[in-house]
Amino acid sequence: MTLIECVPNFSEGRDKSKVDQIKSAISAIPTVRILDVEMDSNHNRSVITFVCDDGKAVEAAFAGIKKAAELIDMDKHTGEHPRFGAADVIPFVPLDDTKMSRCVQLARELGKRVGDELNIPVFLYAEAATRPERADLAAIRNKSFQYEQLKGAIKEEKWKPDFGPSEVGKAGASIIGARDFLIAYNVNLNISDVEIGKKIASALRARDGGLTFVKALAFYLKDRNIVQISMNLTNFRKTPIYRAYELVKLEASRYGAYPIESEIVGLVPEQALIDAAKFYLQLNGFDEHNLIERKINENVSE
């Protein structure tokens with residue numbers, strides 16, 4: 001069996017009943033295991049992480065997209081996070097010995113089915129992109145170009161979808177792709193001035209000369225009156241969590257600000273946290289196989 005991870009992002013983070021219905025639609029498909037569900041009311045967004053046999057990956061993701069399209073009206077949606085549609089971004093991630101090429105194939109199969117059967121415009125991104133300018137998700141959908149802007153621009157050649165119609169309904173559009181594992185990592189600051197946050201985010205972003213493998217945006221969290229630096233770490237081995245956190249702290253200090261907390265959205269590789277522990281505890285010669293949980297798992301599996 002070839003194992004696939006899928007991490008669909010849905011434009012609903014306030015109504016748990018709707019998210020539960022989407023989760024149920026996905027989990028009803030054989031071999032699917034739901035690993036995690038995250039909801040954020042400020043972003044009005046949820047992330048459902050599941051794994052399954054690669055033969056069921058398209059069916060499971062399609063079930064979630066279909067249910068989201070039934071439940072979420074993008075004309076009524078508001079939230080801090082950029083979004084194109086009810087089922088906003090759907091990436092396939094290879095696990096174990098699964099090849100990236102298999103995830104690309106699945107992404108394109110899903111895109112065609114969503115376009116043909118649900119009449120939803122689909123844009124392929126990352127490794128599945130058919131246009132080089134769409135490889136970067138931020139080049140497709142960002143804070144300046146979202147659902148509302150796409151409605152007027154989709155008939156232009158530049159915005160012609162890979163699958164589906166050149167018109168946007170209430171379910172919006174979906175962005176489907178294949179990528180490696182990433183860590184969604186947020187740092188909350190003790191300030192309310194989002195313009196300062198934008199300067200900090202810019203200093204972090206790879207495309208603006210910051211850290212390689214970091215994408216960053218700044219958001220104002222109204223319910224807490226604070227600024228959040230929201231990051232995607234696309235290669236945690238080369239740009240680890242602790243390095244991103246330390247640069248946020250350093251840049252924030254220029255404005256008299258500082259982090260009050262950080263959070264990981266969704267799942268995280270064990271190694272990423274071990275690396276952070278090594279850095280902050282200055283562990284010398286630490287053998288990761290001395291972790292008691294690893295020893296127990298090794299002995300149980302034997």
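Values for this structure:
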read-out	value
Long pairs among Lys23/Lys151; Lys238/Lys278; Lys16/Lys222; Lys66/Lys222, criterion Cα-Cα beyond 25 Å	Lys23/Lys151; Lys66/Lys222
Lys143 paired with Ser24, simple spin-label distance in nm, labels 7 Å along Cα-to-beta-carbon	3.7
Long pairs among Lys112/Lys170; Lys170/Lys215; Lys18/Lys198; Lys143/Lys170; Lys143/Lys249; Lys199/Lys249, criterion Cα-Cα beyond 22 Å	Lys170/Lys215; Lys18/Lys198; Lys143/Lys249
Over 29 Å [Cα-Cα, the range 3-178], rounded percent	11
Order of Lys278, Lys66 - criterion: other Cβ atoms within 10 Å of each residue's Cβ, fewest first	Lys278, Lys66
Residue order, fewest to most surrounding Cβ atoms within 10 angstrom, among Tyr185, Tyr147, Tyr242, Tyr258	Tyr258, Tyr242, Tyr147, Tyr185
Descending semi-axes in whole angstrom, ellipsoid equivalent of the chain, from the Cα gyration tensor	31, 26, 18
Ranked list, fewest to most other Cβ atoms within 10 Å of each Cβ, for Ser230, Ser262	Ser262, Ser230
Residue-averaged 222 nm ellipticity for the chain, from DSSP H runs of 4+ at -39500 (n - 2.57), nearest 500	-11000 deg cm²/dmol
The range 163-294: translational diffusion in µm²/s, Stokes-Einstein, Kirkwood Rh over Cα pairs, 10 °C, 1.306 mPa s	96
Hypothetical label at Lys76: residues of the range 168-182 whose amide nitrogen lies under 17 Å (7 Å Cα-Cβ projection)	169-172
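Every number here is computed from the coordinates shown, using simple stated rules; none is lab data. Keep in mind that what you see is a predicted model, and the values were worked out from it rather than measured. Glycine gets a Cβ as well: all are built from the backbone with ideal geometry, and neighbour counts include every protein chain shown.
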